Every structure is written in C-alpha cells, then in structure tokens.
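What follows is a short report on a single structure.
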Amino acid sequence: MRRRLRLLVSRAVGRLVDPSTLLQTLQLELLRGELLDGVEHVEGYGLGTPARRV
C-alpha cells in the first residue's frame with residue numbers, strides 16, 4: 001500500500017517554461033532524471049511571470 005501511494009505522488013523540478021500559449025507548458029524532471037514534456041499549467045489569477053535566467 002505504501003509503495004502505491006509513493007508512486008501516485010512524486011516531486012518534480014521545473015526545467016523549461018513556455019509562456020507563449022494560453023496555458024503555460026512545462027518540462028518537468030521527475031524521479032531519476034525522467035523528463036515529462038508538455039505538461040499544461042494554469043496560471044493563477046493576476047500577474048504571473050516566469051523567473052529570468054541568470
């Protein structure tokens with residue numbers, strides 16, 4: 001049971017953001033370098049901007 005719950009929920013790191021579409025699309029890095037591309041993200045109401053690269 002515990003393993004099933006751990007597979008259901010996982011942490012992700014956002015690698016790329018494409019704000020040019022109505023819904024932002026993200027590239028996420030999941031477990032052990034697994035990349036998930038094209039994940040839609042609905043921005044909350046108000047002003048929202050992605051962080052600038054330094």
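The values are calculated or read from the model by the stated rules, or taken from the named source; none is laboratory data. Just so it is clear, the model here is predicted, and its values are computed rather than measured. We place every Cβ from the backbone using ideal geometry, glycine too, and count neighbours over all the protein chains shown. Side chains are part of the model used for accessible areas, which takes the heavy atoms of the whole protein and leaves out ligands, DNA and RNA. Shrake-Rupley method; radii C 1.70, N 1.55, O 1.52, S 1.80 Å.
Key figures
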| quantity | calculated |
| --- | --- |
| Solvent-accessible surface (1.4 angstrom probe) belonging to Ser10, in square angstrom, nearest 10 | 60 |
| Structure-derived Rg/Rh (Cα atoms, Kirkwood Rh): which label, when the choices are [x] 1.06; [y] 1.04; [z] 0.99 | [x] |
| Karplus-derived 3J(HN,Hα), 6.51/-1.76/1.60, for each residue of region 11-26, Hz, glycine and proline x | 8, 9, 10, x, 9, 9, 10, 10, x, 6, 9, 4, 9, 5, 10, 10 |
| Positive dipole terminus of the chain, leading residue within Val13, Leu31, Val42 (C-beta point charges) | Leu31 |
| Computed helical MRE - 222 nm, the chain, DSSP H runs ≥ 4 contributing -39500 (n - 2.57), nearest 500 | -3000 deg cm²/dmol |
| Residues whose placed amide H lies under 5 Å from that of Glu43, excluding near-sequence neighbours | Gln24 |
| Carbon + sulfur, % of accessible area of the chain - ligands and nucleic acids excluded, 1.4 Å | 55 |
| The chain - charge dipole about Cα centre, Lys and Arg +1 at Cβ, Asp and Glu -1, debye rounded to 20 | 500 |
| Stretch gain in nm, segment His41-Ser20, where the contour uses 0.36 nm per residue and the Cα spacing is subtracted | 6.3 nm |
